[in-house]
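Peer 1: Okay, handing you the structure first.
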Amino acid sequence: MKPSTGSPAAAAGRSVLKHAVLIAVSIVMVYPLLWLLVSSFRPTEVIFRTPGLWINDLVTSNYTGGWTALAQPFGHYIVNSAIVVVGAVAGNLFACSLAAYAFARCRFRGRNLWFAVMLITVMVPIHVVLVPQYILFNNLGWVNTFVPLILPKFLATDSFFIFLMVQFIRGIPRELDEAARIDGCGHGRIFLRVMLPLMGPALATTAIFTFIWTWSDFFTPLIYLTDPNSYTVPVALKSFLDATSGSNWGAMFAMSIVTLVPLFLVFLFGQRFLVKGIATTGGK
């Protein structure tokens, strides 16, 4: 006998209550972003005097002034960030996919040990290796260039993405590898012609996360980039704040909104690939 689930009115009431709670939580989470957007259209002197979302005096000078307030037009720093992001995404897709294929499909001595060591590096904070890395890049003359921000990605230093792809590859039937070997394919052709076309969700997830994390990264560019002309977007936004004189909060909020647009677009158009990649990887 099927248990009773209550009257339709009770079910409708629970549904309304659930949606009301979800809407309330969403408003709480989105409020800081809405306040940032509204504050970008307020004069700097009234931003912190009116914490609400109502605009009394709408101004657009924060955007026009903020775009040209620094040593270079703000588009220059967006281009710098774009260069670093493209290099980081390409490096992670190239190196992490190769490393993942090696761990998942190739047999070599100490494979399990090296895989465990790779997983352990996930728990190592960047501050532990920051000093030796800085000394190495400084001795090579790469400080104040984009090389320290891009080159490590081509050396498969992001263990999280390697693990993600390994889990995905392990879910691909080995019969496909065996069929390719019968046709005379080696590891290189198997990787290029069999694995890569099937790794689309995992590759998309890696690209999206790499884009978001690299575009938003403040600490690493702050360490390696000392020339203001080489600043990426997060470091350039810091330039709007001055501890000794007045900070241009309105311009900084306006340029913050501008820098959030690429993140919003990438997440908006890549959301289905992101969900699919995480779901299929977790289920294998």
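The values are calculated or read from the model by the stated rules, or taken from the named source; none is laboratory data. Because the structure is a prediction, the values reported are computed rather than measured. Here the Cβ is made from the backbone with ideal geometry for all residues, glycine too, and neighbour counts use every protein chain on show.
Peer 1: Identify, from the list Ala102, Ala90, Ala82, Ala116, the residue that is assigned by TED's automatic domain parsing to the domain that holds Gly200, more than 30 Å from Ala251 (Cβ to Cβ) and modelled with pLDDT of 95 or more.
Peer 2: The unique qualifying residue is Ala90.
Peer 1: Please work out if Leu274 is out of contact with any His (no Cβ under 7 Å at 6 or more places or on another chain), of a type outside the set (Phe, Trp, Tyr) and at pLDDT below 90.
Peer 2: So Leu274 passes the test.
Peer 1: For segment 46-68, how many residues meet the condition of being free of Cβ contacts under 8 Å to residues at least 12 places away in the same chain, surrounded by 10 or more Cβ atoms within 10 Å (Cβ to Cβ) and not in a helix (DSSP H, G or I)?
Peer 2: 2
Peer 1: Please go through segment 178-193 and pick out each residue that is surrounded by fewer than 17 Cβ atoms within 10 Å (Cβ to Cβ) and touching a residue at least 12 places away in the same chain (Cβ under 8 Å).
Peer 2: Those that are surrounded by fewer than 17 Cβ atoms within 10 Å (Cβ to Cβ) and touching a residue at least 12 places away in the same chain (Cβ under 8 Å): His187, Arg193.
Peer 1: How many of the residues in segment 100-142 are in contact with a helix residue (DSSP H, G or I) (Cβ under 8 Å, 6 or more places away or on another chain), within 24 Å of Asn229 (Cβ to Cβ) and of a type in the set (S, T, N, Q)?
Peer 2: Within segment 100-142, residues that are in contact with a helix residue (DSSP H, G or I) (Cβ under 8 Å, 6 or more places away or on another chain), within 24 Å of Asn229 (Cβ to Cβ) and of a type in the set (S, T, N, Q) number 1.
Peer 1: Quick test of your reading of the structure: Ala95 fulfils all but one of (1) free of Cβ contacts under 8 Å to residues at least 24 places away in the same chain; (2) among the hydrophobic types (A, V, I, L, M, F, W, C); (3) touching an Asp or Glu at 6+ places or on another chain (Cβ under 9 Å). Name the failing condition by number.
Peer 2: All conditions pass for Ala95, except number (1).
Peer 1: Could you grab me the full set of residues in segment 34-60 that are touching a Leu at 6+ places or on another chain (Cβ under 7 Å) and at pLDDT below 85?
Peer 2: Leu53
Peer 1: Restricting to segment 117-150, what's the tally of residues that are more than 17 Å from the chain's Cα centre (by Cα) and within 13 Å of Val84 (Cβ to Cβ)?
Peer 2: Qualifying residue count, segment 117-150: 4.
Conditions tested, residue by residue: (1) under 30 Å from Leu225 (Cα atoms); (2) out of contact with any Lys or Arg (no Cβ under 8 Å at 6 or more places or on another chain); (3) not assigned by TED's automatic domain parsing to the domain that holds Gln271.
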| residue | (1), (2), (3) |
| --- | --- |
| Asn144 | yes, yes, no |
| Phe161 | yes, yes, no |
| Phe168 | no, no, no |
| Ala179 | no, yes, no |
| Pro197 | no, yes, no |
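Peer 1: Which is of a type outside the set (Ser, Thr, Tyr), loosely packed, with under 11 Cβ neighbours inside 10 Å and outside the structural domain of Leu164 (by TED's automatic domain parsing), of Pro43, Pro32?
Peer 2: Unique residue meeting the criteria: Pro32.
Peer 1: Identify the single condition in (1) assigned to a helix (DSSP H, G or I); (2) crowded, with 18+ Cβ neighbours inside 10 Å; (3) not assigned by TED's automatic domain parsing to the domain that holds Thr210 that Ser97 does not satisfy, given that it satisfies every other one.
Peer 2: (3)
Peer 1: With respect to Leu237, is the statement that it is of a type outside the set (Lys, Arg), assigned to a helix (DSSP H, G or I) and farther than 16 Å from Ala71 by Cβ true?
Peer 2: In short, no.
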